[in-house]
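Chemist: Input: one structure, supplied below.
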Amino acid sequence: MKIAPSILAADFLNLGKDIELLNNHADIIHIDVMDGSLVPNISFGFPVIDKVSGIARIPMDVHLMVVHPERWFERLAKEGVSMVSFHYEAAGRNTGKYIDLIHSLGMKAGVAINPDVPVEKLFSQIGKADYFLVMTVFAGFGGQKFIYESLDRVKRLSDEIRKRGANGEIQVDGGVDSGNAAALKEAGVDIIVAGSSVFKASDPAAAIAELKAF
Ligand code: DX5
Ligand code: ZN
């Protein structure tokens with residue numbers, strides 16, 4: 001599986017150091033943007049993305065936990081972001097339109113979904129979205145406990161993608177660590193997002209390598 005560490009758990013006073021670590025060890029940099037409206041928390045925005053962009057040598061993946069995500073696609077493209085996900089809960093019937101918009105800006109489009117929304121809501125975007133972000137905790141905070149019922153949701157989505165012979169990767173985010181990585185892979189996950197289990201580890205590079213081995 002590909003590993004996308006979430007910088008929400010990084011050391012913000014030494015962010016450059018942590019990005020350099022990811023450049024050397026990870027596959028993707030996962031960047032969590034929260035607006036305090038779609039989710040009950042605020043993280044960071046363009047001033048941080050701009051600095052990360054200046055030194056990132058691996059793809060940046062921006063996870064937009066905001067209402068009206070479409071307002072930001074163009075600016076993210078200008079920052080050199082290559083993957084953007086927005087929440088189905090924020091987009092509703094505009095989901096297909098937003099995917100097209102992201103594609104027209106040359107980026108990969110992901111649709112994220114919280115644990116309390118049926119994963120079947122994403123089925124109509126199979127073949128359109130480049131990836132699906134199945135949240136394994138409720139979006140909003142790092143360091144939460146992995147919700148085990150998510151495994152079945154991943155499997156249902158993965159089975160449907162396979163059944164249709166479509167492309168489309170599955171990303172999971174929240175409480176992921178070496179204790180659940182094997183089950184996630186088995187369920188059909190392609191990309192793992194990990195915050196705490198990477199940055200709170202005594203050796204983050206080793207933690208990335210351990211997850212990668214699954
Ligand atoms: C939660 C964010 C996650 C979070 C993951 O809303 O989308 O990316 O940083 O952190 P951990 O791995 O600590 O659950
Ligand atoms: Zn995230």
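The values are calculated or read from the model by the stated rules, or taken from the named source; none is laboratory data. Remember, predicted model here, so these are calculated numbers, not experimental data. We place every Cβ from the backbone using ideal geometry, glycine too, and count neighbours over all the protein chains shown. All accessible areas refer to the heavy atoms of the entire protein, side chains included, with ligands and DNA or RNA removed. Shrake-Rupley method; radii C 1.70, N 1.55, O 1.52, S 1.80 Å.
Chemist: If the Cβ limit is 9 Å and pairs must be 6+ apart or interchain, which residue in segment 192-209 that is of a type in the set (Gly, Ala, Ser) and assigned to a loop (DSSP other than H, G, I, E, B) pairs with which residue that is open to solvent by less than 30 Å² (accessible area, probe 1.4 Å) and more than 16 Å from ligand 2 (Cβ to nearest atom)?
Modeler: The qualifying pairs are Ala201/Ala207; Ala201/Ile208.
Chemist: Of the residues Asp35, Asp50, Asp18, which is of a type in the set (D, E, K, R) and either closer than 20 Å to Leu211 by Cβ or touching a Cys at 6+ places or on another chain (Cβ under 6 Å) (or both)?
Modeler: Result of the check over Asp35, Asp50, Asp18: Asp18.
Chemist: So in segment 170-182, with the set limited to residues that are open to solvent by 40 Å² or more (accessible area, probe 1.4 Å) and within 16 Å of ligand 1 (Cβ to nearest atom), which one is nearest to the chain's Cα centre (by Cα)?
Modeler: Asp177
Chemist: Here's another thing I want to ask about it. Would a scan of segment 155-162 turn up a residue that is at pLDDT 95 or above, within 13 Å of the chain's Cα centre (by Cα) and farther than 19 Å from Val84 by Cβ? Walk me through it before giving the result.
Modeler: If we filter segment 155-162 for residues that are at pLDDT 95 or above, which is where we start, we get 155-162.
Those left that are additionally within 13 Å of the chain's Cα centre (by Cα): none.
No, segment 155-162 contains no residue that is at pLDDT 95 or above, within 13 Å of the chain's Cα centre (by Cα) and farther than 19 Å from Val84 by Cβ.
Chemist: With respect to Asp61, is the statement that it is closer than 18 Å to Tyr98 by Cα and within 16 Å of ligand 2 (Cβ to nearest atom) true?
Modeler: Spelling it out, Asp61 is indeed closer than 18 Å to Tyr98 by Cα and within 16 Å of ligand 2 (Cβ to nearest atom).
Chemist: A further question on this structure: Name every residue in segment 141-179 that is within 16 Å of ligand 2 (Cβ to nearest atom), part of a loop (DSSP other than H, G, I, E, B) and among the charged types (D, E, K, R), in order of residue number.
Modeler: Correct list: Lys145, Asp177.
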